[in-house]
Amino acid sequence: MNEAAPQVPGGPVPLRTLQCHVRHATNIDPTASQSEADILYSDEADFTLELGAAQVPLAMGLGTANAGETPPASYRITADPQKLFAMAGPSFDRVADYWPKHVEVGKTIMGKAFSFILLNAVEGDPAHMTAFVSRAADAVAIDLGWVYRGRCDIVQPGR
């Protein structure tokens, strides 16, 4: 997860609901400078993500300064029709919420791998965020065979 996430002024935000649509990126190459036109996509998936009401910035759970704290149950996936997160389940054991700039949520799967969602603000478009979804075996190596990219509509904005 990105420990150098954007720092934003703290303040309360309401429960936020995001409806996300992502596509499986089949040829991501971290050693190459790829434009959007260079990336090939296959399967598509939709999911709904709730981000609990919080005093941001907030970081808790595995790999954070507040590692002993469990993220609130109100941070969760509420719909996953294509079962993209079937292995991880709907809850998270790591949350880094720097709303409205950047949000990271993740869950340990099978005791060692990590499934995660990274959300970033879209410059000049407060109704959407970009989504990057993947898995990682450790802090530096993502599963290049399981990378999804897309966009989320913010249906209950806290902006």
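The values are calculated or read from the model by the stated rules, or taken from the named source; none is laboratory data. Nothing here was measured: the structure is a model prediction, and the numbers come from that model. Cβ coordinates were reconstructed from backbone atoms using ideal geometry, including for glycine residues, and neighbour counts include every protein chain displayed. These area figures cover heavy atoms from the full protein model, side chains too; ligands, DNA and RNA do not enter into them. Shrake-Rupley method; radii C 1.70, N 1.55, O 1.52, S 1.80 Å.
Recomputing percent of Cα pairs over 25 Å apart from the coordinates shown identifies the correct label among (i) 25; (ii) 59; (iii) 51 as (i). With 5 Å bins beginning at zero, the pair-distance distribution over Cα atoms of the range 88-153 amounts to 4, 17, 26, 25, 16, 9, 3, 1 %. For the range 82-159, the per residue solvent-accessible surface stands at 46 Å², with DNA, RNA and ligands left out and a 1.4 Å probe.
May I ask you to derive the FRET efficiency for E36 and V155 from their Cβ-Cβ distance with R0 = 25 Å, giving the value to the nearest 0.05?
Details: r = 25 Å, r/R0 = 1.00.
So, using R0 = 25 Å, E works out to roughly 0.50.
Counted by Cβ distance under 10 Å from E50, the other residues give a net charge of +2, where Lys and Arg count +1 and Asp and Glu count -1.
Cβ neighbours within 10 Å, averaged per peptide: list 25-36, 111-122, 87-98 in order, most packed at the top. Each step should come with its number before you reach the end.
Details: 25-36: 10.8, 111-122: 18.2, 87-98: 20.5.
Those peptides, ordered most packed to least, come out 87-98, 111-122, 25-36.
If you count, for each residue, the other Cβ atoms within 10 Å and average over each peptide, how do 75-82, 43-50 line up from highest to lowest? Can you show the working numbers first?
Working: 75-82: 15.4, 43-50: 17.6.
Peptide ranking by packing, descending: 43-50, 75-82.
Annotation: amide H of V147 within the under-5 Å range of A25, sequence separation 5 or more or interchain, hydrogens built in the peptide plane. As an equivalent ellipsoid, the range 20-97 spans semi-axes of 28, 18, 11 angstrom, where each value is the square root of five times an eigenvalue of the C-alpha gyration tensor, largest first.
Please report, as a whole percent, how much of the solvent-accessible surface of the chain comes from carbon and sulfur atoms (probe radius 1.4 Å).
Working: 4420 of 8000 Å².
Carbon with sulfur: 55 percent of the solvent-accessible area.
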